[in-house]
1. Could you identify the single residue in 69, 32, 19, 4 that is surrounded by fewer than 14 Cβ atoms within 10 Å (Cβ to Cβ) and either touching a residue at least 24 places away in the same chain (Cβ under 8 Å) or part of a loop (DSSP other than H, G, I, E, B) (or both)?
2. Tally the residues that are over 19 Å from the mean Cα position of the chain (by Cα) and surrounded by 17 or more Cβ atoms within 10 Å (Cβ to Cβ), restricting the search to the stretch 130-154.
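Read-outs throughout are calculated quantities, based only on the coordinates presented, and are distinct from any laboratory measurement. From a predicted model like this one, the values you see are computed outputs, not experimental measurements. Neighbour counts are summed over all protein chains in view; Cβ atoms, including those assigned to glycine, are modelled from backbone coordinates with ideal geometry.
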């Protein structure tokens, strides 16, 4: 970061380019290249392809900075993101997304092991696991707790399907329509939070 802001001309040009740049992470990448910083796959965990509510917070990047958000298309969404970040003086970590953008805190999630009308997994994908014919939300929660990599689970009360994932998302509110119940593996999440607290310094050079 010091290298970036010690080159005000490059920063100023990036601000100009941002006015009509579609892909913010590409702008970040090209700006860093101008500084002689080349990004490869090792840095992929800093980048995110979703809006804040659907960003997949995984254990391997929990304490890492996040440098991009995508899909901020709804009216007022960009302004809301700007307001959430306006007073931020330090880099935003993946772990900070819940604090900045969720309607309730992670502590609330800890106090509510089963949350009604929520989906903290998001759409099923390559890394999600789905079980059919699960009896209850508690049974789905147990499936997550029995997995070493699970951070979140979602139970569909109509289909009796249980989805678990190695990430957690805030959720975009669709659970209110699909009658889903969801929760986090709080023991794992709390451990990750403690790890971030112990990491007293981060290098952003």
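1. Criteria check complete, one pass: 19.
2. Residues that pass the stated criteria total 5.
Residues checked against (1) free of Cβ contacts under 8 Å to residues at least 60 places away in the same chain; (2) loosely packed, with under 12 Cβ neighbours inside 10 Å; (3) not in a helix (DSSP H, G or I):
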residue	(1), (2), (3)
14	yes, no, no
25	yes, no, no
39	yes, no, yes
49	yes, no, yes
63	no, no, yes
74	yes, yes, yes
91	no, no, yes
